[in-house]
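Only one structure is covered here, and it is reproduced in the block below.
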Amino acid sequence: MGSDVSYLQTLRADAAALAGAARTAGVGAPVPTCPGWDVEKLVRHVGRVHTSGAAVVRERAKVDFDTLPPMPKGEEAIAAFDDRSGALADALEALPEDFPIWNWFGIEPPIPGFYHRRMAQETAVHRWDAQAAAGTTAPIDTALAVDGIDELLRSFLSFAGADAELGGSIHLHATDADSEWLVRREHGKLVATPEHGKADVAVRGTASDLLLFIWNRVPASALDLAGDPAVADHWKDAIKF
């Protein structure tokens, strides 16, 4: 977890910005970074995630998601999102970050701070999606973005993308933080470590842009590349969550 990250602060700020962008864009506006989605679907998705996350955090245990209230449709979805994101933040505020509880990925042993981190990261990226639909985006907080890159590469990649074939190795280098990662294959699996190293392609950019790249929100061409660009371009096809 990122010691320099205020998960609750960024969660509240990004949730408010997501709702604001959704109102600006309108629920029927397409979300260019989520093909096939409109703003209503985006808001309802994040609202459901916040609803389920808050329920688990309050109970500090697994819950039956089928018993949770559904997200309303249309314009009402945005107001419901406001309420549910606030309830999530309040629940997280009452939960110590070092308290290990069940997580919906089934990772064992339970990860302390899982929901503080995952809810902040989920909301930040989807806030950017909503702003893309509204026409104007703001970068993700640098410390949060560094933490998000680390989460995806060192947690998600191990159980959701380890078998992917990139066609080479990638070095990610944040230009606005003292952070870099090396992604390569070892023993038939993709692994990532926070280190400097020679790779088939180096991808440089702000931490926000790097996070958006590995979540397939911006293309490799939007960053500074050195080496084989085909390896970086292949990320969007090889890594899907």
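The values are calculated or read from the model by the stated rules, or taken from the named source; none is laboratory data. What you are looking at is a predicted structure, and each value in this text was computed from that prediction instead of being measured. Cβ sites come from the backbone with ideal geometry, for glycine too, and all protein chains shown count toward neighbours.
Beta carbons closer than 7 Å, at least 6 apart along the sequence or on distinct chains, pair a first residue in the stretch 55-66 that is in contact (Cβ under 8 Å) with a residue 40 or more places away in the chain with a second that is in a helix (DSSP H, G or I) and among the hydrophobic types (A, V, I, L, M, F, W, C) for V57/A91; V57/L92; K62/V56. When residues in the stretch 87-120 are screened for being among the small types (G, A, S), within 19 Å of the chain's Cα centre (by Cα) and surrounded by 14 or more Cβ atoms within 10 Å (Cβ to Cβ), 3 of them pass.
Condition check ((1) buried (at least 20 other Cβ atoms within 10 Å of the Cβ); (2) more than 23 Å from I111 (Cβ to Cβ); (3) modelled with pLDDT under 95) across all residues:
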| position | (1), (2), (3) |
| --- | --- |
| S3 | no, no, yes |
| Y7 | yes, no, no |
| A22 | yes, yes, no |
| G28 | no, yes, no |
| L42 | yes, yes, no |
| A54 | yes, no, no |
| R60 | no, no, yes |
| F65 | no, no, yes |
| P72 | no, yes, no |
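Suppose the filter is assigned to a helix (DSSP H, G or I), over 21 Å from the mean Cα position of the chain (by Cα) and not aliphatic (A, V, I, L, M); does T24 pass it? Answer is yes for this residue. Within the stretch 184-206, restricting attention to residues that are hydrophobic (A, V, I, L, M, F, W, C) and either surrounded by fewer than 14 Cβ atoms within 10 Å (Cβ to Cβ) or more than 15 Å from I239 (Cβ to Cβ) (or both), the residue that is nearest to the chain's Cα centre (by Cα) is A202. Residues that are touching a strand residue (DSSP E or B) at 6+ places or on another chain (Cβ under 9 Å) and among the aromatic types (F, W, Y) within the stretch 137-186 comprise just one, W181. Counting the residues of the stretch 207-216 that are over 10 Å from the mean Cα position of the chain (by Cα) and within 12 Å of P139 (Cα to Cα) gives 4.
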